[in-house]
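Inspection log for the structure reproduced underneath, given as structure tokens.
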Amino acid sequence: MPRFALPTVRNVALAALLALAPAITARAQEIPTIGVPTNDPVIQRIYQEGMQRSHASALAQVLMDSIGPRLTGSPQNRSANDWLVKTYQSWGISAKNEQYGTWRDWKRGQSRVELLTPRVRTLEATMLAWSAPTPRTGVTGEAVIIPPASVMKDSAGFNRWLGTVRGKVVMISFPQPTCRPDSSWTRWATDESCRSRFSPGSGRRLR
């Protein structure tokens with residue numbers, strides 16, 4: 001079982017208490033928690049259940065590894081629902097699936113993007129959820145980027161630009177370095193990590 005060090009001030013106070021009343025150690029077992037120790041029987045049971053009989057690792061393995069991503073409307077989503085109902089029932093808890101909407105079935109297939117010019121190279125890409133499939137033979141087109149706001153300053157400008165991109169591949173964003181938003185980096189990352197992530201050479205800056 002993990003061991004925790006109590007705060008220094010509490011250690012001093014506890015040592016003084018034990019010196020005055022050594023019989024306490026024979027009658028009570030201190031349970032370390034975040035903050036101060038407690039002998040409350042309810043807290044003890046909660047602590048023992050979570051630290052000594054936790055099922056979190058086994059449950060997470062099934063959901064994250066065996067079943068995997070669970071996009072709404074996907075086969076994995078339904079598999080997770082059925083597994084959860086069976087798991088609850090095995091614990092003696094009544095559970096059932098409830099339909100809360102109608103969804104199109106969607107399953108992520110293989111994604112492959114090839115750069116043809118100025119050199120051949122396989123690119124890393126993932127289709128957005130619920131994207132329509134491409135033909136079996138794939139699609140080939142010129143890659144273009146969204147023009148600046150000065151070109152699409154109003155709906156008329158957007159419509160004029162839209163008429164020039166039929167049959168082309170429109171690049172709408174730069175490669176995301178992580179799955180976390182910038183706000184998470186600025187709030188939780190170390191100063192060194194932020195500087196490297198938002199350095200001038202990275203093409204990003206803090207907002």
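The values are calculated or read from the model by the stated rules, or taken from the named source; none is laboratory data. All of these numbers come straight from a predicted model, not from anything done at the bench. Reconstructed Cβ throughout: ideal geometry from the backbone, glycine too, with neighbour counts over all protein chains shown.
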Note to self: For the stretch 41-67: of the residues being hydroxyl-bearing (Ser, Thr, Tyr) and in a helix (DSSP H, G or I), which is modelled with the lowest pLDDT?
What the structure shows: TYR47
Next item on the list: Scan the stretch 68-106 residue by residue and report those that are surrounded by 12 or more Cβ atoms within 10 Å (Cβ to Cβ), hydrophobic (A, V, I, L, M, F, W, C) and not in a helix (DSSP H, G or I).
Entry: LEU71, ALA95, TRP103, TRP106
Check: Tell me, which residue of the stretch 127-163 that is free of Cβ contacts under 8 Å to residues at least 24 places away in the same chain and in contact with a Phe, Trp or Tyr (Cβ under 9 Å, 6 or more places away or on another chain) is surrounded by the most Cβ atoms within 10 Å (Cβ to Cβ)?
Finding: MET152
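Residues in the stretch 156-164: is at least one within 30 Å of ARG78 (Cβ to Cβ) and either outside any loop (DSSP other than H, G, I, E, B) or of a type outside the set (Val, Ile, Thr) (or both)? Spell out how you get there, then give the answer.
Step one: filter the stretch 156-164 for residues within 30 Å of ARG78 (Cβ to Cβ), giving none.
Checking the stretch 156-164: not a single residue is within 30 Å of ARG78 (Cβ to Cβ) and either outside any loop (DSSP other than H, G, I, E, B) or of a type outside the set (Val, Ile, Thr) (or both).
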